[in-house]
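Here's the structure, in structure tokens; my notes come after.
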4 protein chains.
Amino acid sequence: MRETRRAMGEIIEHLQSSSKKLSSKQVNNFIKILLGARRVFVVGAGRSGLVVKAFAMRLMHLDFDVYVVGETITPSLRVGDLLIAVSGSGETDLIVQAAKIARKVGAKIIAITSYTKSSLTKISDLVVILPGRKKVARTSAFMRRELAGEYASLTPLGTLFEVTALVFLDGVIASLMVKLGRKEEELRARHATIE
Amino acid sequence: MRETRRAMGEIIEHLQSSSKKLSSKQVNNFIKILLGARRVFVVGAGRSGLVVKAFAMRLMHLDFDVYVVGETITPSLRVGDLLIAVSGSGETDLIVQAAKIARKVGAKIIAITSYTKSSLTKISDLVVILPGRKKVARTSAFMRRELAGEYASLTPLGTLFEVTALVFLDGVIASLMVKLGRKEEELRARHATIE
Amino acid sequence: MRETRRAMGEIIEHLQSSSKKLSSKQVNNFIKILLGARRVFVVGAGRSGLVVKAFAMRLMHLDFDVYVVGETITPSLRVGDLLIAVSGSGETDLIVQAAKIARKVGAKIIAITSYTKSSLTKISDLVVILPGRKKVARTSAFMRRELAGEYASLTPLGTLFEVTALVFLDGVIASLMVKLGRKEEELRARHATIE
Amino acid sequence: MRETRRAMGEIIEHLQSSSKKLSSKQVNNFIKILLGARRVFVVGAGRSGLVVKAFAMRLMHLDFDVYVVGETITPSLRVGDLLIAVSGSGETDLIVQAAKIARKVGAKIIAITSYTKSSLTKISDLVVILPGRKKVARTSAFMRRELAGEYASLTPLGTLFEVTALVFLDGVIASLMVKLGRKEEELRARHATIE
């Protein structure tokens, strides 16, 4: 239980600092492009893929024409479509490849990622930076204790990025609700009745 | 290899006899209801679920407004929608429950199934019967040899129904292409470019 | 952007208060049952389903024998298995039904939910309570302003529960890592290389 | 209805000729490698992906340690694992990329495909050829009538390959049942009880 609470604390702290570091310009552009898109496609791998699906579900509740890359009824991307790619590193093969195809057909690409410079950001129209794990100073004293397991991470791999992406995208849903004048009841009406 | 070919032979033979037994009235009604539906929802469990997804993919290629129950962007069912439920036995809990919800909201239900009388067919607007496995005469001589494994099935569980459903639904796609005047090239244009 | 940040603030505040309200007894029992389970099955609908998949992925990284209900290679539940069901209301049909089947075969059931009394909790061996949305006092003055949209929620439907469940389950992963003596590098080694 | 039956006839005819053209050597090697694999991973895109999932489900019923690339609990590929890739063209990006990663880690690769020479077959340890659509002689008379829509295909895109792959893989299941001495009842016992 002690580590459960400690890890939750680490995540909450990361969310607070991430929320403060958000670039208004990036977020406002994201919302503007979303509102102007003919159709929205989302893509992500592993847990980032689950996060972007949670976002797609809410976009559907808001009546967007939205598709998840890899699901059954997802059609071909075309000019005027928007691809939202979520990848902490910006180097996941599948995601970079999807972005390249989007580029070729003339669709817009928004990257939700942790790094300014990556294969994904290079071909994106807009990049929204969400901090992942803090880089730690790798002094030799640190390295010794790291090897001894003293600093073993309680939020392994992409955890901090993934939770931050989910909370950020839920924040974007709030902005869209206000901009579109949608009330919760209208979302509920479109919520799947058979799951 | 011998059993591979023997099982394929059993399946092909079953497809031939199933194709002959199809009811023109049932199939024509199926196509008519499909063409009149505002939106199409499909549902199936296990391998029947995979078969109905393969059908949904082609409906999307034909520009239908189609959704798979359980996928991310599937909205709530409403009046005027059509639910296509594929279930050999017509008794799979999840499927019967989905059909009940469809009934309640006033959506139409088409059952693709092997049995005329089941919980699913009872609440369906149209039933299309596809034969599953032949019932074998259970003489005591048969039972003895069955127990000895001589008649062990090479096409276990729902195999015959599932393959028949896939081939039948691909046949329905052919009828829709002709009725809608769609050429293969138009399907290809909507085929997902990122998978 | 203003609403994005405000909604993120609401979520973070909810996470903080939820983390404090966690019952040590419930969490410690959860971890103990998890460590003793032969195989773990997870189930959830909609966005709760995505959250429980994110948890299952980490359990796999920790070398648990884990399955997601509804995915291709999920076998039948048996005695000695554990079913983890995530449902804010505890009344989602699909989830309650899954729990009933688990009960029948003699598997253990853990409910992650917001309400102490529900169809799900009634048949669960252990209930872990995660607060969802705060109930607001429905004075007539409030109702008038609610209707006028002044209090329109920025975190609609199950948002608060879903994010809390994800962060809580990531906390449980931290406890499991420490109890099992697993380092991040060992998780990375099992992380899917093709996605 | 007429086209439904005609398309079903085309598919059945294709299955018959494909079954005859199967290479015993290829099929026997496929079965041998399957039986020797530590773990089996399957991958396919679009409808081929659905077909390979149907195969994976039966392998699970036969107690194989099997995973579908892209699903939640799929771990990293390692030496000694087997990747089965289903792709009519052998050129689907996602599939070729998966095969390349398998190659790098030292896993075995089996390609189920229509063409002997492709990016996929080049890096596969074993290739099983299943005929797709017949190439038609493109005389100018044919071309004129084709343009007029007289020969419009009733089995568009990958239909013939996909159905053939499903029926062939169900045939392989029959061989595995006999080789492993498994009866249908044993498969049923592992069949998912919650779907």
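From the P(r) of region B:16-96, can you give the percent of Cα pairs sitting at distances over 22 Å? Percent of Cα pairs beyond 22 Å in region B:16-96: 27. Between C:179, C:108, C:53, the GNM of chain C built on Cα springs shorter than 10 angstrom shows C:179 fluctuating the most. Peptide D:96-108 has a mean shielding of 2, counted as Cβ atoms of other protein chains within 10 Å of each residue's Cβ.
The relative contact order of chain D comes to 24 percent, based on Cα pairs under 8 Å that sit 6 or more residues apart. For residue D:183 and residue A:38, the FRET efficiency from 1/(1 + (r/R0)^6), where r spans their Cβ atoms and R0 equals 35 Å, is about 0.05.
Applying a threshold of 19 Å to the alpha-carbon distances of A:100/D:108; A:25/A:100; C:25/C:108; B:25/B:179; B:21/D:21 flags A:100/D:108; A:25/A:100; B:21/D:21 as lying beyond it.
Dipole magnitude for chain C: about 640 debye, using +1 per Lys or Arg Cβ and -1 per Asp or Glu Cβ, origin at the Cα centre.
Chain A holds its axis-closest Cβ, relative to the rotation onto B, at the residue and whole-Å distance A:71, 3.
Normalised by residue number, the volume inside the convex hull of the Cα atoms of chain D is 149 Å³ per residue.
Between this copy and the others, label points of residue D:9 are 2.5, 7.2, 7.6 nm apart in ascending order, each placed 7 angstrom from Cα in the Cβ direction.
In the protein assembly as shown, the DSSP beta bridges split such that about 0 percent are antiparallel, to the nearest 5. Here the accessible area of the protein assembly as shown is 52 percent carbon and sulfur, with a 1.4 angstrom probe and all protein chains present. Label points for residue D:91 are taken 7 Å from Cα along Cα→Cβ. From this copy to the others they lie 3.1, 4.9, 5.5 nm apart, shortest first.
Our coupling estimate for region C:6-13, obtained by passing each phi through the Karplus curve with A = 6.51, B = -1.76, C = 1.60 and θ = phi - 60°, is 5, 5, 4, x, 4, 5, 4, 4 Hz, Gly and Pro reported as x. Between identical copies, the spacing of residue B:179 label points, each set 7 Å from Cα toward the C-beta atom, reads 4.1, 4.4, 5.7 nm from nearest to farthest. Treating each Cα of the protein assembly as shown as an identical point scatterer and summing with the Debye formula, the log10 of I(q)/I(0) at q = 0.05 Å⁻¹ comes to -0.25. Taking the DSSP beta bridges with both ends in chain D, the antiparallel portion is around 0 percent. With the charge dipole of region A:13-140 set up from +1 on Lys and Arg Cβ and -1 on Asp and Glu Cβ about the Cα centre, the Cα lying farthest toward the positive end among the listed residues A:82, A:129, A:67 is that of A:129.
The amide H of residue D:192, built 1.01 Å from its N in the peptide plane, has C:76 as neighbours under 5 Å, considering only residues 5 or more places off or on other chains.
Considering only A:176, A:83, A:157, the mean-square fluctuation computed in a Gaussian network model of chain A, springs between alpha carbons under 10 angstrom, is largest for A:157.
Peptide B:46-59 has a mean of 6 when you count, residue by residue, the C-beta atoms of other protein chains within 10 Å of its C-beta.
Projecting label points 7 angstrom from Cα along Cα→Cβ for residue D:2 and residue D:17 puts them 2.4 nm apart.
Scalar couplings 3J(HN,Hα) for region A:97-112, obtained by applying the Karplus form with A = 6.51, B = -1.76, C = 1.60 to θ = phi - 60°, are 5, 4, 5, 5, 5, 4, 4, 4, 7, x, 7, 7, 10, 10, 9, 9 Hz; x denotes Gly and Pro. Across A:40, A:178, A:68, mean-square fluctuation computed from a Gaussian network of chain A (C-alpha pairs under 10 Å connected) peaks at A:178. Backbone phi angles across region C:75-86, fed through the Karplus curve with coefficients 6.51, -1.76 and 1.60 (θ = phi - 60°), yield HN-Hα couplings of x, 6, 5, 9, 3, x, 7, 10, 10, 9, 10, 10 Hz in residue order; Gly and Pro are listed as x.
The values are calculated or read from the model by the stated rules, or taken from the named source; none is laboratory data. Note that this is a predicted model, so its numbers are computed, not measured. Using ideal geometry, Cβ is built from the backbone for each residue, glycine included, and neighbour counts are taken over all protein chains shown. When the accessible area is computed, the model is the full protein with side chains, heavy atoms only, and any ligands, DNA or RNA have been set aside. Shrake-Rupley method; radii C 1.70, N 1.55, O 1.52, S 1.80 Å.
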